Amino acid sequence: MSTPPPPPPPPDDSGTPPPPPGFGPAAAPPPYTEPAYGAATPPPGFGPAPGFAERPKRPDAKVGGSLIVVGAVVAAIGVYLPWLTDGDDTRRGTDLFFTSDGEILDGPGQLMLAMAFVLAGLGIALFFAGRVLAVAIIAIVASSIALLIGIGMIGIASDDILGGDVGIGAILQPIAPIASLAGSILVTARRRR
């Protein structure tokens with residue numbers, strides 16, 4: 001006796017209708033590719049708030065930064081130019097100075113060199129970064145201090161007991177920080193547009 005074949009499976013009457021067209025079995029999602037840095041757009045609802053514009057770009061500070069650097073370079077060069085001349089004897093900002101109080105100052109121009117390096121760094125930062133208010137304010141303070149130091153350098157050169165004429169190097173010490181001060185004020189005065 002042979003056995004009859006098994007009966008066919010019962011029809012699916014579970015009551016769920018077939019899916020609508022286009023919603024068949026789920027297809028695999030597309031592979032994830034990470035967007036380039038800064039190229040992704042924020043998801044909806046996470047962009048800038050309505051009614052607010054993006055911040056404008058920082059204004060350039062190339063002219064002011066250049067003036068600060070020029071003032072610093074002139075002050076540094078002035079340290080090595082003659083500060084005091086008496087016949088054949090010439091003293092520069094790196095030489096010994098003898099004050100009327102009996103003090104011996106060894107290279108008073110080194111202080112101005114340090115200020116020149118600080119001002120040059122601030123000027124370069126403003127030149128490349130644009131108007132950064134904190135850096136511009138620090139440049140104003142540093143230029144003002146350098147101006148006072150430069151005035152003191154003329155006093156040191158003219159107070160020397162060995163005498164002589166005050167040279168161009170000492171005269172440049174208060175003039176150079178004026179250029180740096182003008183540049184830093186110019187940077188501070190620039191407005192965003």
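The values are calculated or read from the model by the stated rules, or taken from the named source; none is laboratory data. Worth saying up front: this structure is predicted, and the values here are computed from it rather than measured. A quick note on method: Cβ atoms are made from the backbone with ideal geometry, for glycine too, and the neighbour counts reach across all protein chains shown.
Considering the range 141-193 alone, what residues qualify as being of a type outside the set (A, V, I, L, M) and under 15 Å from A75 (Cα atoms)?
S143, S144, G150, G152, G167, G169, Q173, P174, P177, S180, G183
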Task: Filter result (outside any helix (DSSP H, G or I) and at negative phi) within the range 138-169 - done: D159, D160, I161, L162, D165, V166, G167
Open item on the list: For the range 137-186, give me the residue count where each residue is more than 23 Å from L113 (Cβ to Cβ) and either among the aromatic types (F, W, Y) or buried (at least 22 other Cβ atoms within 10 Å of the Cβ) (or both).
Closed with: 0
TODO: Taking G130 as meeting all but one of (1) of a type in the set (G, A, S); (2) touching an Asp or Glu at 6+ places or on another chain (Cβ under 8 Å); (3) surrounded by 14 or more Cβ atoms within 10 Å (Cβ to Cβ); (4) farther than 27 Å from G183 by Cα, write down the number of the exception.
DONE: (4)
Task: Selection count, the range 71-111, where residues are assigned to a strand (DSSP E or B) and β-branched (V, I, T) - done: 3
Task: Residues satisfying the stated conditions in the range 149-169, i.e. of a type in the set (V, I, T) and farther than 9 Å from W83 by Cα - done: I149, I151, I156, I161
Task: Answer residue from the range 98-113, given it is under 37 Å from the mean Cα position of the chain (by Cα) and surrounded by 14 or more Cβ atoms within 10 Å (Cβ to Cβ) and is farthest from V70 (Cα to Cα) among those - done: L105
- [ ] For the range 119-127, indicate whether the set of residues that are within 19 Å of V70 (Cβ to Cβ), aromatic (F, W, Y), in contact (Cβ under 8 Å) with a residue 24 or more places away in the chain and surrounded by fewer than 19 Cβ atoms within 10 Å (Cβ to Cβ) is non-empty.
- [x] no
Open item on the list: Being of a type outside the set (G, A, S), out of contact with any Cys (no Cβ under 6 Å at 6 or more places or on another chain) and at pLDDT 90 or above: is that true of L162 here?
Closed with: no
Open item on the list: Cβ-Cβ distance below 7 Å, separation of 6 or more or different chains: which pairs start in the range 143-157 with a residue that is over 23 Å from G121 (Cα atoms) and at pLDDT below 90 and end on one that is surrounded by 24 or more Cβ atoms within 10 Å (Cβ to Cβ) and among the aliphatic types (A, V, I, L, M)?
Closed with: I154/A170; A157/A170
